[in-house]
Ligand code: MF3
Ligand code: CO
């Protein structure tokens with residue numbers, strides 16, 4: 001089994017700085033989502049946030065392997081039936097659209113990665129519910145992160161959360177992942193699985209947890225650009241992601257502006273940031 005990178009307190013503080021850049025970019029992009037805005041406009045906004053913070057993009061020119069062209073933007077803008085990896089373009093957002101914004105940043109060699117789903121004005125009720133179910137699945141996964149727990153506990157919590165919500169497609173082709181001195185590291189964090197299986201969660205481990213949920217089939221198809229991944233049946237999809245770590249004191253949601261404090265309190269879970 002591949003070794004897991006365990007961060008020192010100093011490195012966790014850099015992970016937090018990267019996470020705060022991600023939170024700032026999401027806030028700026030979300031505020032700009034409205035009918036008429038293009039997905040390329042959202043990419044421009046994210047680039048400005050990176051520049052303002054002296055951070056670098058971990059998405060731009062990223063290639064997951066030989067033969068896959070380098071990713072051409074700093075954010076993935078996945079509209080409606082696009083599940084993940086939509087490439088910013090001159091496409092305009094329309095009222096009622098669902099837009100997922102997956103964004104990452106690196107600060108002094110440490111990485112943050114998170115995704116939010118934004119609704120452009122009033123959307124159809126099932127679409128709003130889809131995003132809420134996916135966000136809840138993310139928080140179910142985050143809530144299952146505990147010292148001496150396992151990655152399988154997280155996977156299982158996500159799967160159960162989506163199952164309990166009703167008839168949804170839970171995408172299996174993509175997983176969450178370890179994160180730290182690179183964006184994608186061991187271990188994989190699947191969005192389904194069995195409790196008590198998989199690697200143990202220990203201090204210094206950082207994970208990106210990222211459920212993708214659809215209103216129909218869970219099958220995903222990647223288009224000829226080698227990036228844009230859509231649902232096989234054209235149903236709409238949502239994506240929510242955070243980067244998280246766990247200290248002796250509790251959870252620290254590195255890509256949440258407040259570190260996750262408000263939501264963790266609501267759930268009665270310990271909030272465990274490191275002091276600056
Ligand atoms: N952020 C994505 C993930 O969650 C990766 C995006 S691929 C990229 O793993 F090329 F856009 F970077
Ligand atoms: Co990710």
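Values in this text are rule-based calculations from the coordinates and carry no lab data. From a predicted model like this one, the values you see are computed outputs, not experimental measurements. FYI the Cβ positions are ideal-geometry reconstructions off the backbone, even for glycines, and counts take in every protein chain you see.
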With the condition kept exactly as written, say whether any residue in the range 183-197 is touching a helix residue (DSSP H, G or I) at 6+ places or on another chain (Cβ under 8 Å), assigned to a helix (DSSP H, G or I), within 16 Å of ligand 2 (Cβ to nearest atom) and farther than 22 Å from residue 235 by Cβ. no
Within the range 162-180, can one find any residue that is farther than 23 Å from residue 232 by Cα, more than 16 Å from ligand 1 (Cβ to nearest atom) and assigned to a loop (DSSP other than H, G, I, E, B)? no
Taking the condition assigned to a loop (DSSP other than H, G, I, E, B), within 15 Å of ligand 1 (Cβ to nearest atom) and either closer than 25 Å to residue 126 by Cα or touching a helix residue (DSSP H, G or I) at 6+ places or on another chain (Cβ under 7 Å) (or both), does residue 257 pass? no
Qualifying residues in the range 143-156 (those that are in contact with a helix residue (DSSP H, G or I) (Cβ under 7 Å, 6 or more places away or on another chain) and not in a helix (DSSP H, G or I)) - the one nearest to ligand 1 (Cβ to nearest atom): 145
Residue set 132, 140, 124; condition surrounded by fewer than 24 Cβ atoms within 10 Å (Cβ to Cβ), free of Cβ contacts under 8 Å to residues at least 40 places away in the same chain and touching a helix residue (DSSP H, G or I) at 6+ places or on another chain (Cβ under 6 Å); output residue 140
Do we have any residue at all in the range 68-75 that's surrounded by fewer than 23 Cβ atoms within 10 Å (Cβ to Cβ), part of a strand (DSSP E or B) and touching a strand residue (DSSP E or B) at 6+ places or on another chain (Cβ under 6 Å)? no
For residue 184, are the conditions met, namely being under 14 Å from the mean Cα position of the chain (by Cα) and surrounded by fewer than 20 Cβ atoms within 10 Å (Cβ to Cβ)? yes
